[in-house]
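Right, one structure below, let's go through it.
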Amino acid sequence: MKKKMLSLFVLGAMLSLFSLQGCAHEALEHEAETVQVQKNPLSYIRKEYVKDMDIISGKQIEWENARTFKHDNNVILISVPVKNESEKLIEELTFRIDGDKVSGHLWKFESVEKFSSDDHRLGAHEIMKKMTGNVTYIALEGSMRYQIQVVDGKIISDISSARSGDGDMDSCGKKCHGSIEEVVITVPNPPTNPQPPTGPPIPPIVIIPPTNNPNDPCAKAQAGSQKATDNSKTQKFSDAKQGILNNFNQNGKENGVGMGRDTPNGELKATGVQELNANSGDINNPYAYPEADIHNHPGNTPPSAGDVYSMIKYYNSHPSFNTRYIVTPNGTVYALVITNASLFESFITNVPPSQVPGFAPNFSGDMFADYVDIPNRETGMAHVLDKYNSGIALTKMDSNGNFKKINAKPNSNGGYSQNPCP
């Protein structure tokens, strides 16, 4: 009993450090249904609370392996593992009980590498230590959603918080996590008057602070680069890339494929290959949550100014969109990734596109001069995207299939050379 009490006090302290109250309090108030919890809360949750909830319909919920956390002999948190067929996905249900209120969340641990068969029964912090990928929790009621990125067991960044009812993304960012530091808590004896945790329904996870400098361009592009890498290693991407190159060999034009999901966390899908124009064209992306598109450049050229401006325009209408891939006949694959969409408005204002009727938009003014001043188009594009705070980074697939941001580094000759991120 003493061990359980100690875990609860540490959990409460970590919940306080995680400090999501500022982002989630209002959503929790609206999404938590007021109920009278009966003497057996697990039985009540199983038979009444989750009854007819579509979000967990058909899932293999291991109620017999539920973990219960108590305070003053009252259950305050229940976590239940969920078994599924995917070797790269672990799901878990958590139910927070505040007096007569119950609020439930579905956790998703989406890893780049495979999990072991019994990993879904581990606690959240043990799961996170073993993975690289995304961790998401979604309210069973209402529309609160939050996501973080984990690389080699370490939390790298918050990705988004959203209310899916209207599709708008509301980044929590530093407001919630920017000042978190690693803290070791020692509690030799239980306090005489302990208080239950008041934060959101988070299982006992260890918060490991980001180690990257937030102003480092590689750190800014890390989440987008990882996302581009993850999606490029799917069969959908491989088929789309090959289909585009096959079509190009037949028609000599640009060809494209749209990629997206029907739900925020649904299966990644791809359209068939769409024939575009000789050097431009719009890709139809019919999914409710467009995520990426792929097209070829007939010449062995990197992304263009037109790719950048049209990407911003498309994102402004579809904020789930985050990656634009370009493939070339010689096998090079680039990806434009969004690093900070909040910069788009000021970027367009400061550097409006130069538009000649019948041609794709181009850079203008000093940005155009800086771009053409560097003979290597890869280096020039990487340089101006960073210099003019576009909110977009140029990445390139390396020999291991990973996308790395290209940085332009001044050299002793007065020009620029490439310095890719590690």
| Restricting the first residue to the stretch 77-89 and requiring it to be under 13 Å from residue 124 (Cα atoms), which pairs with a second residue that is of a type in the set (Asp, Glu) and surrounded by 22 or more Cβ atoms within 10 Å (Cβ to Cβ) meet a Cβ separation below 8 Å and a spacing of at least six or different chains? | 79/92; 80/92; 81/92; 82/92
| query | Would the stretch 381-393 turn up any residue that is in contact with a helix residue (DSSP H, G or I) (Cβ under 6 Å, 6 or more places away or on another chain) and assigned to a strand (DSSP E or B)? | reply | yes
| request: Tell me, yes or no, whether the stretch 372-389 has at least one residue that is of a type in the set (Ser, Thr, Tyr) and surrounded by fewer than 17 Cβ atoms within 10 Å (Cβ to Cβ). | output: no
| message | Cβ-Cβ under 9 Å, sequence separation 6+ or interchain: first residue in the stretch 210-221 and surrounded by 14 or more Cβ atoms within 10 Å (Cβ to Cβ), partner among the β-branched types (Val, Ile, Thr) and modelled with pLDDT of 70 or more. Which pairs? | response | 210/155; 217/339; 220/339; 221/337; 221/339; 221/395
| Scanning for something charged (D, E, K, R), within 22 Å of residue 265 (Cα to Cα), modelled with pLDDT of 90 or more and not in a helix (DSSP H, G or I), does the stretch 220-229 turn up at least one residue? | no
| remark: Within the stretch 79-96, the residues that are under 15 Å from residue 130 (Cα atoms) and out of contact with any His (no Cβ under 8 Å at 6 or more places or on another chain) are 87, 88, 89
| Can you tell me how many residues in the stretch 108-127 are closer than 20 Å to residue 223 by Cβ and either open to solvent by 10 Å² or more (accessible area, probe 1.4 Å) or among the polar types (S, T, N, Q) (or both)? | 5
| note | Scanning the stretch 304-320 for residues that are under 23 Å from the mean Cα position of the chain (by Cα) and within 19 Å of residue 405 (Cβ to Cβ) gives 307, 308, 311, 312, 315
| request: Please go through the stretch 399-415 and pick out each residue that is surrounded by 13 or more Cβ atoms within 10 Å (Cβ to Cβ), part of a loop (DSSP other than H, G, I, E, B) and either in contact with a Pro (Cβ under 9 Å, 6 or more places away or on another chain) or at pLDDT below 90 (or both). | output: 406, 407, 415
| said: Among the residues of the stretch 316-331, what is the count of those that are within 16 Å of residue 239 (Cα to Cα) and hydroxyl-bearing (Ser, Thr, Tyr)? | reply: 2
| query | Just for the stretch 129-147: of the residues that are open to solvent by less than 10 Å² (accessible area, probe 1.4 Å) and aliphatic (A, V, I, L, M), which one is modelled with the lowest pLDDT? | reply | 139
| remark: Considering the stretch 49-74, residues that are surrounded by fewer than 14 Cβ atoms within 10 Å (Cβ to Cβ) and among the acidic types (Asp, Glu), and then whichever is farthest from the chain's Cα centre (by Cα), we arrive at 72
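Does residue 352 satisfy being open to solvent by 60 Å² or more (accessible area, probe 1.4 Å), modelled with pLDDT under 90 and not in a strand (DSSP E or B)?
Values: open to solvent by 60 Å² or more (accessible area, probe 1.4 Å): yes; modelled with pLDDT under 90: no; not in a strand (DSSP E or B): yes.
Answer is no for this residue.
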| query | Any idea which of 401, 391, 415 is of a type in the set (Gly, Ala, Ser) and touching a Phe, Trp or Tyr at 6+ places or on another chain (Cβ under 8 Å)? | reply | 391
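When you scan the stretch 45-53, do you find a residue that is among the β-branched types (Val, Ile, Thr) and either within 30 Å of residue 402 (Cα to Cα) or part of a strand (DSSP E or B) (or both), even just one?
To start, the set of residues in the stretch 45-53 that are among the β-branched types (Val, Ile, Thr) comprises 45, 50.
From the residues that got through so far, the ones that are either within 30 Å of residue 402 (Cα to Cα) or part of a strand (DSSP E or B) (or both) too are none.
No, there is no match, as no residue in the stretch 45-53 is among the β-branched types (Val, Ile, Thr) and either within 30 Å of residue 402 (Cα to Cα) or part of a strand (DSSP E or B) (or both).
With respect to residue 238, determine if the residue is out of contact with any His (no Cβ under 7 Å at 6 or more places or on another chain), open to solvent by 50 Å² or more (accessible area, probe 1.4 Å) and not hydrophobic (A, V, I, L, M, F, W, C). Spell out how you get there, then give the answer.
Numbers: out of contact with any His (no Cβ under 7 Å at 6 or more places or on another chain): yes; open to solvent by 50 Å² or more (accessible area, probe 1.4 Å): yes; not hydrophobic (A, V, I, L, M, F, W, C): yes.
Yes.
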| said: Suppose we keep only residues that are surrounded by fewer than 17 Cβ atoms within 10 Å (Cβ to Cβ) and among the hydroxyl-bearing types (Ser, Thr, Tyr) within the stretch 28-48. Which one would you say is modelled with the highest pLDDT? | reply: 43
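Keeping to the stretch 355-371, report how many residues are part of a loop (DSSP other than H, G, I, E, B) and open to solvent by 50 Å² or more (accessible area, probe 1.4 Å). Spell out the reasoning first.
The initial filter retains those residues of the stretch 355-371 that are part of a loop (DSSP other than H, G, I, E, B), namely 355-361, 363-364.
If we keep only those that are open to solvent by 50 Å² or more (accessible area, probe 1.4 Å) too, we end up with 355-360.
Number of matching residues: 6.
Got at least one residue in the stretch 363-376 being among the polar types (S, T, N, Q) and out of contact with any Phe, Trp or Tyr (no Cβ under 9 Å at 6 or more places or on another chain)?
Just the residues of the stretch 363-376 that are among the polar types (S, T, N, Q), to begin with: 364, 376.
With out of contact with any Phe, Trp or Tyr (no Cβ under 9 Å at 6 or more places or on another chain) added as a condition, the list becomes 364.
Checking the stretch 363-376: at least one residue is among the polar types (S, T, N, Q) and out of contact with any Phe, Trp or Tyr (no Cβ under 9 Å at 6 or more places or on another chain).
The values are calculated or read from the model by the stated rules, or taken from the named source; none is laboratory data. None of the values given here were measured: they were computed from a predicted structure. Cβ coordinates were reconstructed from backbone atoms using ideal geometry, including for glycine residues, and neighbour counts include every protein chain displayed. Protein only, heavy atoms only, side chains kept; ligands, DNA and RNA dropped before computing areas. Shrake-Rupley method; radii C 1.70, N 1.55, O 1.52, S 1.80 Å.
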